[in-house]
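Before any comments, here is the structure.
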Amino acid sequence: MSLLLNSSFTGASSACLLHRERSRRRRLRVPGVTCRQGSNDDRSDAARQKQSPLLLDRRDILLGLGGLYGVTAGPKVLAAPIMPPDLSKCHDAKAPALHDHCCPPYDPSETISEYGFPATPLRVRRPAHLVKDDQEYLDKYKEAVRRMKNLPAEHPWNYYQQANIHCQYCNDAYYQQNTDDVPVQVHFSWIFLPWHRYYLHFYERILGKLIDDDTFTIPFWNWDTKEGMTFPAIFQDASSPLYDPKRDQRHVKDGAILDLKYAYTDNPASDSEIIRENLCFIQKTFKYSLSLAELFMGDPVRAGEKEIQEANGQLEVIHNAAHMWVGEPDGYKEDMGDFSTAARDSVFYCHHSNVDRMWDIYRNLRGNQVEFEDKDWLDSTFLFHDENEQLVKIGDCLNPTKLRYTFEQVPLPWLGKINCQKTAETKSKATTELSLTRVGEFGTTPQALDASNPLRVIVARPKKNRKKKEKQEKVEVIQIKDIKVTTNETARFDVYVAVPYGDLAGPDYGEFVGSFVRLAHGKKGSDGTQEQGAKKKGKLKLGITALLEDIDAEDADKLVVTLVLRTGSVTVGGVSIKLLQTDTPAVI
């Protein structure tokens, strides 16, 4: 995947001396550049293992999660990749917290250059909870951010200009090429992970350049381990440039445990139970999606599509929960809880560093196979400023070592054995103590979700008792279509699966499979209040092949699917179970 990136840095220590004369820049054409790291990774096996964030042999990990399955080539689709927008046509964004304004200064004389990958030693990103005692590192980090915040307001390295990049590409400030109504949107699809990888890369390089340290890295918020599930202490000092007052103060102090199922209501469970649920959610996200990348990363998005469907993968869902948990609980949910302001909090980059790490682990588990052999993914192109304040074209997005960074190796407790399924005794007790209820099919009419009355439907499976080879070739997936959310609301619903008793369902919802989460995304109306607007459609796909094995439900003809609304206003247009082609070696 090639992307044109938008960050900046040069070689002088003083930010005011960082400008180059733009008259010296060469004007270049911008073709798409494919990046197929899965077939051109020149690292040795030993080097790859050394740089991997995994502490266990890949095959051992796969076998521990479930079972190693075979290879099935994914489809190759030829259509239209997302291309860079016309930067001269930035317009008001859907960003009420910023009064809808987040466009950057525009220079019509700016030209495009090829990005030169850094020829630096391999930089190592470290866990945030482990760097809190490294005073030398913290002093550098704080000084770099302080210098970034002190730059002139319109300088492309300025802290808030950097933050506004996220608003521009997440809150509809640009339209796609040759359209006047199709926004460039880097969430809700397979673009999410690559775009944010580049965004972090250049932000990190700028910070390093500001303090003349080519080895500098941002830390990662290690929320996938018990020790890292509290808000990182390095961002809590109110006198530090890393501090942001617009946070939910209940969560960022006193060791509160991050809840990856958070929906603006605090979880009454014990800390140890929340930790277990978090680890199970992460484990299921990997285990249920390794055979089909779109379940983890999001659905394809094609240039010119009139309505961008919200079809994010489960990693983005987990990521969204952390945004909600950190941001203010009221108003616009600033800073982290709103896309337009999220990058104004320094913890944003630390959080996304771990999201990027999760993708790196996912790729490692899949043998570094290319997730989508599809030109619309590999050739998608975006614009950023590079570290020399130039617009640059960059390829080879799939290999972090090409960008000269990796992650410190730390334990991955969610790869171990965790009690994530309900026991037979628990389900039996619930069934005998409470009455069964009759559950019908979804029907053809869209249904509104009700927080006080979860939607429960009987769904027929396409085939039961599938053989191993059949599972290698196709993964069983719950599909929820035509999801509509009021555009300015945060919304979340969770999905559970259980085996019915004929056409009856027990009071227990069964096993948690995954969630739909969407952050607030609104715009001010002419009267200054936030518009309600039309409802956007979305879809959700959740793999269940491994789950059905885990709960011994292979011989069930039908399943009870339960949708539990946690927050927001949501309607859904249908629930079904399909068999989808797998795309790579997988654990299912």
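The values are calculated or read from the model by the stated rules, or taken from the named source; none is laboratory data. Given the structure is predicted, the values throughout are model-derived calculations rather than measurements. Here the Cβ positions follow ideal geometry from the backbone for every residue, glycine too, while neighbour counts run over all protein chains shown. Keep in mind that these areas ignore ligands, DNA and RNA; they rest on the heavy atoms of the full protein, side chains included. Shrake-Rupley method; radii C 1.70, N 1.55, O 1.52, S 1.80 Å.
Is it the case, given these coordinates, that residue 327 is under 17 Å from the mean Cα position of the chain (by Cα), closer than 27 Å to residue 543 by Cα, crowded, with 20+ Cβ neighbours inside 10 Å and of a type in the set (Gly, Ala, Ser)?
On the way: under 17 Å from the mean Cα position of the chain (by Cα): yes; closer than 27 Å to residue 543 by Cα: no; crowded, with 20+ Cβ neighbours inside 10 Å: yes; of a type in the set (Gly, Ala, Ser): yes.
Against the criterion (under 17 Å from the mean Cα position of the chain (by Cα), closer than 27 Å to residue 543 by Cα, crowded, with 20+ Cβ neighbours inside 10 Å and of a type in the set (Gly, Ala, Ser)), residue 327 does not qualify.
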### Task
Considering only the range 483-494, state which residues are within 18 Å of residue 543 (Cα to Cα) and either surrounded by fewer than 23 Cβ atoms within 10 Å (Cβ to Cβ) or of a type in the set (Asp, Glu) (or both).
494
### Message
Restricting to the range 264-285, name every residue that is crowded, with 20+ Cβ neighbours inside 10 Å and either modelled with pLDDT under 95 or closer than 28 Å to residue 159 by Cβ (or both).
### Response
none
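Could you pull out the residue among 178, 222 that is open to solvent by 10 Å² or more (accessible area, probe 1.4 Å), touching a residue at least 60 places away in the same chain (Cβ under 8 Å) and not β-branched (Val, Ile, Thr)? Spell out how you get there, then give the answer.
Details: 222 fails: open to solvent by 10 Å² or more (accessible area, probe 1.4 Å).
None of the others qualify; the one that does is 178.
Quick check on residue 315: is it at pLDDT 95 or above, under 24 Å from residue 486 (Cα atoms) and assigned to a helix (DSSP H, G or I)?
Numbers: at pLDDT 95 or above: yes; under 24 Å from residue 486 (Cα atoms): yes; assigned to a helix (DSSP H, G or I): yes.
For residue 315, the condition - at pLDDT 95 or above, under 24 Å from residue 486 (Cα atoms) and assigned to a helix (DSSP H, G or I) - is met.
Right, residue 307: open to solvent by 10 Å² or more (accessible area, probe 1.4 Å) and at pLDDT 95 or above or not?
Numbers: open to solvent by 10 Å² or more (accessible area, probe 1.4 Å): yes; at pLDDT 95 or above: no.
For residue 307, the condition - open to solvent by 10 Å² or more (accessible area, probe 1.4 Å) and at pLDDT 95 or above - is not met.
How do the helices (runs of 4 or more DSSP H) wholly within the range 234-311 filter down when requiring 1 or more residues that are within 30 Å of residue 181 (Cα to Cα) and not charged (D, E, K, R): which remain? It would help to see each step written out before you state the result.
Values: elements: 249-252, 271-287, 293-297.
By residue number, 293-297.
Just the residues that are within 22 Å of residue 346 (Cα to Cα) and in a loop (DSSP other than H, G, I, E, B), please, taken from the range 186-211.
Hits for the range 186-211 are 186, 187, 211.
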### Task
Considering only the range 75-173, give the helices (runs of 4 or more DSSP H) lying wholly within it that have at least 2 residues that are open to solvent by less than 30 Å² (accessible area, probe 1.4 Å) and more than 24 Å from residue 401 (Cα to Cα).
135-149, 159-170
### Task
Please specify each residue of the range 78-104 satisfying the condition of being under 25 Å from residue 159 (Cβ atoms) and in contact with a helix residue (DSSP H, G or I) (Cβ under 8 Å, 6 or more places away or on another chain).
90, 93, 95, 98, 102, 103, 104
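Looking only at the range 540-573, count how many residues are in a strand (DSSP E or B) and open to solvent by less than 10 Å² (accessible area, probe 1.4 Å). Even if it seems obvious, please write down each step before you answer.
Initial filter on the range 540-573 (in a strand (DSSP E or B)): 540-543, 558-567, 570-572.
With the extra rule that they be open to solvent by less than 10 Å² (accessible area, probe 1.4 Å), the set shrinks to 540, 542-543, 559-563, 570, 572.
Number satisfying all stated conditions: 10.
One line per residue, one yes/no per condition, for (1) touching a Phe, Trp or Tyr at 6+ places or on another chain (Cβ under 8 Å); (2) at pLDDT 95 or above; (3) under 30 Å from residue 570 (Cβ atoms):
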position	(1), (2), (3)
402	yes, no, no
407	yes, yes, no
412	no, yes, no
416	no, no, no
420	no, no, yes
429	no, no, no
443	no, yes, yes
447	no, yes, yes
468	yes, no, no
### Pair list, Cβ under 7 Å, 6 or more apart: the range 354-381 residue within 24 Å of residue 228 (Cβ to Cβ), other residue among the basic types (Lys, Arg) and open to solvent by 10 Å² or more (accessible area, probe 1.4 Å)
364/58; 365/58
### Query
For the range 225-246, what are the residues that are in contact (Cβ under 8 Å) with a residue 60 or more places away in the chain and acidic (Asp, Glu)?
227, 244
### Summary
In the range 386-411, anything within 26 Å of residue 221 (Cβ to Cβ), of a type outside the set (S, T, N, Q) and not in a loop (DSSP other than H, G, I, E, B) is listed as 394, 400, 402, 403, 405, 407
